[in-house]
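Peer 1: Structure provided below as structure tokens; questions to follow.
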Amino acid sequence: MQLINQFRSIPRPALIFGFANFVIAAGAFVFPFMALMLSQKLGFSATHTGLIIYGVFAAHFPAQILGGWLTDRFDPKPIYVTAIALEVIITICAGFFAETILLIGFLFLINFANGIMIPAMQAWQANFSTAKNRKIVYSVSYYGFNIGYAVGPAIGGLLFADYFRFMFWGDAATTILALIVVILFLPGKFDHGEQEEVEKERPVEGSVWRFLVTRPDLLFFAALMLGINIVYGQLTVALPLQMEETFGADGAKFYGWLLMVTAITVLVATPIIARVTNLNRTLSNLMMAGLFYAIGFGFLGVANHYLLLIMCAIVFTVGEVLSVTNTNTHIANESPRNMRGRLSGSIGLTIGFGFGAAPALSGWFIDQFGLAVLWPSVAALALICVSGLGILRRTQKN
């Protein structure tokens with residue numbers, strides 16, 4: 001009954017956002033397979049694959065700063081719609097050059113457009129929500145994405161070998177459908193009525209950088225979550241390479257199925273996690289996320305059977321659910337209303353640097369020391385970050 005009441009408290013725009021994310025993720029055929037595109041289709045080594053993926057994800061850095069500034073200046077909806085439309089156009093074009101070196105440039109541009117969209121989406125969701133229902137709102141959006149992700153990578157794995165170009169065109173087609181839903185049904189503004197505004201969300205004067213200087217706790221939080229995201233970033237390069245090492249030519253297929261398992265885990269676990277942890281402090285939930293990452297990723301090196309890999313994937317996916325929903329919630333709760341776009345962009349940029357740097361770092365590390373050494377190393381990093389979050393938690397009020 002309490003779960004039903006929580007569902008009823010979710011703003012309608014958040015449900016629409018969840019559906020749009022579902023449609024986009026159901027066609028997520030490109031980025032989950034980027035490492036295999038570069039290694040198998042274009043013939044790059046692990047080090048070069050990691051460096052290229054790092055360069056592609058580096059597009060997020062200027063894009064999120066730009067997207068945050070545009071969001072605070074023009075409101076989230078027009079920025080979100082424009083960025084998604086650009087991403088669609090570039091993805092369609094990329095399909096015509098999918099097996100040439102030009103693919104790298106198109107992947108960079110796709111990620112740039114996606115980076116502009118992210119702070120707009122997060123600020124938009126923060127505007128729809130209140131401090132009381134914000135975790136649930138972000139969980140719904142994340143839940144919708146992962147329902148689609150339970151299907152998208154599995155289809156992408158089947159297309160990879162013989163219908164490579166259609167991965168791009170199919171991805172673009174589903175994104176167009178989601179864009180139509182957003183344009184037609186999502187309002188640009190949301191009225192909370194007479195609810196009292198939380199002190200930390202009240203508008204403040206000055207620049208974002210001056211504000212961050214007065215909030216060292218946010219900077220420390222960003223640094224710790226950067227480390228957590230380096231661990232999570234192993235999903236993009238180290239995990240598919242582990243699958244390739246374990247299963248050979250069938251690695252892409254099994255990697256796609258493993259991603260489907262993680263998505264199904266999200267479908268089952270997200271409502272339960274949202275209910276059980278909703279009253280916890282966001283930092284407490286993020287500490288648990290780091291522990292699940294340490295266990296799930298740490299044991300991948302000794303998981304020599306597909307069932308063991310599935311167990312590891314389930315564990316680190318629980319950590320992913322806790323990390324994604326509580327990171328965005330923590331940033332929104334600590335952000336003045338007139339700086340949501342820029343803070344989401346700048347702090348998200350810092351945190352995202354961990355995910356973006358992971359391919360290059362892990363690619364170099366694998367070439368130097370091997371996959372077997374990588375997994376316990378990232379587990380240790382996760383535990384260090386958990387300790388830091390514990391220190392930060394003790395310094396903050398409830």
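FYI, it's all coordinate maths here, none of it is from the lab. None of these values were measured; they are calculated from a predicted model. Cβ coordinates were reconstructed from backbone atoms using ideal geometry, including for glycine residues, and neighbour counts include every protein chain displayed.
Peer 1: Which residues' amide hydrogens lie under 5 Å from the amide hydrogen of residue 44, considering only partners 5 or more residues apart or on another chain, with H built in the peptide plane?
Peer 2: 39
Peer 1: For helix 282-298, what angle does its Cα long axis make with the longest principal axis of the chain, in degrees from 0 to 90 and rounded to 10?
Peer 2: Approximately 10 degrees, to the nearest 10.
Peer 1: Please compute the modelled spin-label separation between residue 268 and residue 132, points set 7 Å along Cα→Cβ, answer in nm with one decimal.
Peer 2: Inter-label distance under the simple model: 3.3 nm.
Peer 1: Taking the 0 to 90 degree range and rounding to the nearest ten, how far is the long axis of helix 340-369 tilted relative to the main principal axis of the chain, both from C-alpha atoms?
Peer 2: The angle comes out near 20 degrees.
Peer 1: Once R0 is set to 45 Å, what does the formula 1/(1 + (r/R0)^6) return for the Cβ-Cβ distance between residue 220 and residue 257, expressed as a FRET efficiency to the nearest 0.05?
Peer 2: Approximately 0.70, to the nearest 0.05.
Peer 1: Between residue 99 and residue 302, what is 0.36 nm times their sequence separation minus the Cα-Cα distance? Round to one decimal in nm.
Peer 2: Working it through step by step, the gained length comes to 69.6 nm.
Peer 1: Let's see if you can work this out: charge +1 on each Lys and Arg Cβ, -1 on each Asp and Glu Cβ, no other charges. What is the dipole magnitude of the chain about its Cα centre, in debye to the nearest 20?
Peer 2: Roughly 940 debye, rounded to the nearest 20.
Peer 1: Which residue, 272, 175, 352, has the largest displacement toward the positive end of the dipole of the chain when charges sit on each Cβ (Lys, Arg +1; Asp, Glu -1)?
Peer 2: 272
Peer 1: Also: Listed highest first by mean packing, meaning other Cβ atoms within 10 Å per residue, what order do 270-281, 295-306 come in?
Peer 2: Taking the mean over residues of other Cβ atoms within 10 Å, the ranking is 295-306, 270-281.
Peer 1: Then there's this: Per residue Cα convex hull volume for the stretch 78-237, in cubic angstrom?
Peer 2: Here the figure is 161 Å³ per residue.
Peer 1: Also, quick follow-up: Farthest toward the dipole's positive end in the stretch 1-116, which of 11, 71, 39, given Cβ charges of +1 (Lys, Arg) and -1 (Asp, Glu) about the Cα centre?
Peer 2: 11
Peer 1: Next question, about the same structure. Students often get this wrong: which residues of the stretch 19-52 have the backbone nitrogen under 13 Å from the point 7 angstrom along Cα-to-C-beta of residue 245?
Peer 2: 46-47
Peer 1: Of the options 22, 218, 381, report the single residue whose Cα projects farthest towards the positive end of the charge dipole of the chain (beta-carbon charges: Lys, Arg +1; Asp, Glu -1).
Peer 2: Comparing the listed Cα positions along the dipole, 218 ranks first.
Peer 1: Could you derive backbone 3J(HN,Hα) for the stretch 74-83 from the dihedral phi with the Karplus parameters 6.51, -1.76 and 1.60 (θ = phi - 60°), listing whole Hz in sequence and x where the residue is Gly or Pro?
Peer 2: Once rounded to whole Hz, the list reads 10, 5, x, 4, x, 6, 4, 5, 5, 5.
Peer 1: How would 334, 245, 205 line up from fewest to most surrounding beta-carbon atoms within 10 angstrom?
Peer 2: 205, 245, 334
Peer 1: Also, quick follow-up: If you take all C-alpha pairs in the chain, what percent of them are over 37 Å apart?
Peer 2: 16
Peer 1: Total Lys pairs in the chain closer than 27 Å by alpha-carbon, pairs eight or more apart in sequence or interchain only?
Peer 2: Going through the chain pair by pair, I get 13.
Peer 1: Among 151, 30, what is the fewest-to-most ranking by other Cβ atoms within 10 Å?
Peer 2: 151, 30
Peer 1: Exposure proxy check: 253, 132 ranked by fewest other beta carbons within 10 Å?
Peer 2: Fewest-to-most ranking of 253, 132: 132, 253.
Peer 1: Now a separate question. Put one equal scatterer on each alpha carbon of the stretch 1-138, apply the Debye formula with no solvent term, and list log10 I(q)/I(0) at q = 0.09, 0.12, 0.15 1/Å to two decimals.
Peer 2: Calculated log10 I(q)/I(0) at the listed q: -0.35, -0.58, -0.82.
Peer 1: In the stretch 106-121, whose amide N lies under 18 Å from the spot 7 Å out along Cα-to-Cβ of residue 89? List them in ranges.
Peer 2: 106-118
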